[in-house]
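Inspection log for the structure reproduced underneath, given as structure tokens.
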Amino acid sequence: MNRRVDWTSAMHRVGSAGNTSNSSRPRREKRLTYVLNNANATKHCAGVNCLSVLRSPATDGCDYLFTGSRDGTLKRWALTEDAATCSATFESHVDWVNDVVLAGSDTLVSCSSDTTLKAWKSSSDGICIKTLRQHSDYVTCLAAAEKNSNIIASGGLGGEVFIWDLEAALVSASKSTDAMEDDGSNGVIGSGNSGMTITGLRTISSSSSLSVHPPQTNGYTPIAAKGHKESVYALAMNDSGTLLVSGGTEKVVRVWDPRSGSKTMKLRGHTDNIRALLLDSSGRYCLSGSSDSIIRLWDLSQQRCVHSYAVHTDSVWALASTPTFSHVYSGGRDLSLYVTDLSTRESLLLCTKEHPILQLAMHDDSIWVATTDSSVHRAIEIDIKVPVYKDPSFTIHGTPAIVQHEILNNRRQVLTKDTADSVQLWDITKGVVVEDYGKVSFEEKKEELFEMVSFPAWFAADSRLGSLSIHLDTPQCFSAEMYSIDLGTIGVTEDHKINLAEETLKGLLAPWLAKRRLKSGSQASANGDASVGKDSSVRSYSHQRAEDDDNTESHSSMVHPAFEFSSVSPPSIITEGSHGGPWRKKITDLDGTEDEKDIPWWCLDCVLNKRIPAKDNTKCSFYLHPSEGSTVQFPLTQGKLSAPRILRIHKVINYVIEKMVLDKVSDSGNSDGTFSPGLAGGLSQFSGDGAFLSGLKPRKLKPSIEILCNNQVLSPDMSLATVRAIYGRNLMTWS
């Protein structure tokens with residue numbers, strides 16, 4: 001027969017010794033985000049926003065297609081007649097890539113919702129030459145002059161249009177970098193491979209703590225074309241770079257002289273947002289596509305619309321023309337790709353896609369089509385004289401984007417659903433998929449995986465980039481702990497506590513730490529077998545941090561198996577340090593020279609010096625007494641016990657059993673709310689930190705009693721935090 005014990009419990013908060021000042025609010029530290037990448041790194045995992053084709057000057061040379069995606073990356077594809085091979089990934093933007101243009105044969109310029117432009121060496125393995133920041137909001141569009149590789153224009157949601165002299169901007173960048181290196185304030189992430197210039201960006205989301213930096217030009221200021229009062233969504237430039245047109249939510253086409261930034265005319269006719277613009281090589285004719293579903297042809301010499309084409313049934317988002325400007329290809333929200341003869345106004349439907357069309361790019365006798373899907377399609381040998389539907393002749397496949405996610409109660413796993421309706425379970429402390437359920441009901445699987453457990457919300461997650469992004473903010477991220485036995489960790493006692501964020505950071509930065517040790521000449525192995533001293537290069541704020549001294553095992557540099565990230569598909573980190581702005585890079589691409597200027601000091605302090613912030617230590621205080629009507633003579637009826645929130649009920653059961661066996665009454669409780677240790681015979685009991693002090697090997701006894709709360713039997717595997725979450729935070733009577 002089971003015996004029952006009443007338990008009265010309450011929560012109390014033990015104040016942190018490190019938080020001694022109440023005079024000012026604590027500052028918000030920089031966030032660290034890591035993006036869990038798909039196993040196939042050569043594919044986009046979100047919609048493709050932009051395209052650009054680089055033609056080889058040699059007749060037998062290889063052409064390249066550049067794609068920019070909502071996953072935050074650009075990719076270069078080597079094209080053959082019937083295949084496309086990803087030859088490079090350009091990773092530095094921390095939000096959607098919205099447009100990309102080629103400036104000459106070896107310079108690629110991209111713009112992003114992170115408010116920046118980036119210049120890349122197009123023939124490299126992803127080298128970012130320079131980050132340009134001047135915009136105050138998302139940068140949505142770019143324009144380049146085909147015969148003047150030195151000039152590009154950018155527009156964005158802030159209503160700003162800037163004309164950039166690339167040569168001057170890049171020369172200024174070089175001088176600025178030299179100056180920063182002289183005073184020890186280098187804004188370049190230290191990588192021998194990337195040379196990535198880091199500048200200030202705006203945060204990805206309102207919850208992010210990535211800082212917002214004012215525009216900085218490093219000695220160069222682009223020309224501002226002032227006139228737009230609302231968002232700019234489209235730009236186009238003629239071949240010589242002497243004419244620029246812009247359009248946006250004001251529903252008008254503005255014409256500019258990019259050499260001075262002066263406005264020359266304004267064309268009215270559209271009734272909704274202008275989303276796409278084209279100029280012919282001479283700059284006389286302009287095509288505009290709008291959310292009013294109309295395409296208009298403008299004669300700029302006459303300053304009027306000469307034709308309108310009602311081809312689409314919904315918003316027109318993309319335009320591309322033949323070299324002679326005789327025909328225009330158009331696509332948009334209605335999923336349809338049309339070709340239209342600008343003279344006869346005859347239109348043919350070439351194909352219908354499964355997703356809205358975002359951009360088009362001509363390539364000899366074919367056209368590339370980008371959609372809100374992660375794949376890119378090519379249609380070839382387009383014969384505009386034959387009214388037939390054309391299926392894509394070739395597709396560069398992407399991977400499905402994650403569109404739904406749910407953080408499970410165990411706070412280590414996230415359930416996701418992608419655009420292919422596939423449901424997967426991710427372990428965010430290892431960055432891998434632990435279960436692929438296929439096409440099942442997301443809601444049903446979420447209910448099936450529900451656990452009656454409670455852990456602090458130590459991380460946040462989103463899927464804006466088409467993959468899982470995990471956000472860590474100090475000190476909140478250090479609030480979750482688990483016992484080693486629950487993680488299957490060997491070589492330590494079952495009562496050893498593991499901080500989830502601390503171990504996750506160690507796992508994330510393990511490749512960086514290994515390279516750092518090699519560069520410093522240390523003989524310590526990559527898994528931390530040898531001791532590494534405190535890193536004096538990381539500033540110390542002792543009043544804001546506490547060093548966990550309950551067990552030297554917690555200071556080990558070794559990465560626990562439960563926190564080892566995949567080397568096949570390593571995650572990327574998005575963060576910033578004390579200088580410059582946010583940046584993004586795969587953890588395996590870090591070269592070990594990055595320091596506090598590049599990575600938040602609290603991350604380095606955790607990994608290098610094994611310090612984490614002092615935290616409020618929430619414990620559960622409770623009283624044990626026999627259940628009503630029970631004949632059990634329980635020796636402890638008044639003493640108040642205290643234990644960590646993560647303590648399991650089976651530990652309480654063991655304690656009660658041992659007290660009953662000993663039949664010895666202990667002190668009624670100390671003034672600090674912790675039951676005194678000192679049981680005879682070396683048996684376990686609660687101590688001040690909630691651990692069981694025992695001369696015997698810790699054991700999980702089969703219960704001969706039951707612990708109840710509100711007449712509900714508690715599972716032995718339930719933690720005190722879980723009980724609190726179920727039965728409330730206030731005074732509780734447990735039976």
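The values are calculated or read from the model by the stated rules, or taken from the named source; none is laboratory data. A quick note: this is a predicted structure, and the numbers were derived from the prediction, not measured. With ideal geometry, Cβ positions are generated from the backbone for all residues, glycine too; neighbour counts draw on all protein chains shown. Just the protein is used for accessible areas: all its heavy atoms, side chains included, with ligands, DNA and RNA removed. Shrake-Rupley method; radii C 1.70, N 1.55, O 1.52, S 1.80 Å.
Please work out the C-alpha center-to-center distance from the range 419-452 to the range 47-79 and express it in whole Å.
Taking the Cα centre of the range 47-79 as reference, the centre of the range 419-452 is 34 Å away.
Can you give the accessible area per residue of the range 314-369, in Å², using a 1.4 Å probe? Present the calculation step by step, with values, prior to reporting the outcome.
Values: 2140 Å² over 56 residues.
With the other protein chains kept in place, the range 314-369 gives 38 Å² per residue.
Around ARG304, under 14 Å between beta carbons, what's the net of Lys plus Arg minus Asp minus Glu among the other residues?
Surrounding charge for ARG304 is +3.
How much area per residue is accessible in the range 455-519 when the probe is 1.4 Å and only protein heavy atoms are counted (Å²)? Display every interim value, and only then the final one.
On the way: 2040 Å² over 65 residues.
On a per-residue basis, 31 Å².
Restricting to Cα pairs below 8 Å that are 6+ residues apart, what does the relative contact order work out to for the range 272-372? Please round to a whole percent. Please list the in-between numbers first.
Numbers: 247 pairs, mean separation 17.7, N = 101.
18 percent.
Tell me the per residue accessible area of the range 222-282 using a 1.4 Å probe; a whole number in Å² is fine.
That works out to 40 Å² per residue.
Pop out the carbon and sulfur fraction of the accessible area of the range 43-176 as a percent, whole number, probe 1.4 Å. Intermediate results must be reported in sequence, preceding the final value.
Numbers: 2000 of 4260 Å².
Summing carbon and sulfur atoms, their accessible area is 47 percent of the total for the range 43-176.
Could you check how much of the accessible area of the range 423-528 is carbon and sulfur, as a whole percent, using a 1.4 Å probe?
52 percent
Tell me, what is the percent relative contact order of the range 243-284, built from C-alpha pairs under 8 Å that lie six or more residues apart?
Once divided by the residue count of the range 243-284, the mean separation gives 39 percent.
Counting only other residues whose beta carbon sits under 10 Å from that of SER315, what net charge do I get with K and R as +1, D and E as -1? Before the final figure, lay out the partial values.
Details: positive: ARG275, ARG333; negative: ASP272, ASP292, ASP314, ASP334.
Surrounding charge for SER315 is -2.
Holding the Cα-Cα limit at 31 Å, pick out from LYS430/LYS619; LYS430/LYS597; LYS147/LYS266; LYS121/LYS417; LYS263/LYS585; LYS263/LYS597 the pairs that are longer than that.
Those over the limit are LYS121/LYS417; LYS263/LYS585; LYS263/LYS597.
Tell me which residues come under 5 Å, amide H to amide H, from LEU32 once H is placed; ignore anything under 5 positions away on its chain.
For LEU32, whose amide H was placed from the backbone, the distant partners under 5 Å are LEU472.
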